[in-house]
Amino acid sequence: MQVGQNGKCRKPTKDSTITVPSPTNSSARLPLIDGKTLIKNVKAWANKLQDHHWGAGRKWYQHANQLCQILATETETPLRNVCGVLASLSPQVSWEVNIRSCEAIVRDGQIDKGYTGYRINVDKALQCLVDDPENVLGGFKVLAFYRNILDPLRSVDVTVDTHIGRIVFDTMRLDTKQQNFLFSKNGNAMIQQAIQKEANKRKVRPHVLQASLWVCARELAQAKADKDQLPLYVK
């Protein structure tokens, strides 16, 4: 009802409108995931790990380091440069393509035709051959990947990619906001801390837990998928 000039109530006409303030969307201001939930999800997934996950996780970066050492020795290239090439070529490619393309760059100075990644990463790989990869590589994920491969016995970095994203969000399908969170400075820091904390409890290096979780997430994704297997790559 509306109040007329005589002070009496009258019915609103068809053209009368009542403006109601829209409620504040408080959920839009909430963080995508809070620290406690993130830690809880990491712990829950870590509890799923079986012996074969841990076995593969402990060997993953050591194996990658050994491959780089062999290539470095055969080509008389510093190990850090070979590791930098491998890491720079890793986004959005399978591990097999990653290794083969790294070898082509280090041995021949050019990328092989089978490389399916981004051209900008090829340019970075070529630069890593002559410069310190620490000064060439960009992005938290690739830099952590490089450090873990270069020195798996001492590195405390966590390679945060889409596989780890499935774990921290506890879902096999990540939406755009979740992926953006993974690759943001704040998101990367939160995930690093959560995995490092859980790794310390289990008395393993953070990258060992991370790689073990990788294997487990990929295994479960493959079991649920009706199409080709999910490749292991670093986005």
Compactness check, region 33-222: C-alpha Rg relative to the 2.2 N^0.38 Å globular estimate gives 1.01
Rounded to whole angstrom, the alpha-carbon centroid of region 154-176 lies from that of region 35-105 at a distance of 14
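Only the coordinates and a few stated rules stand behind these numbers; no lab work does. From a predicted model like this one, the values you see are computed outputs, not experimental measurements.
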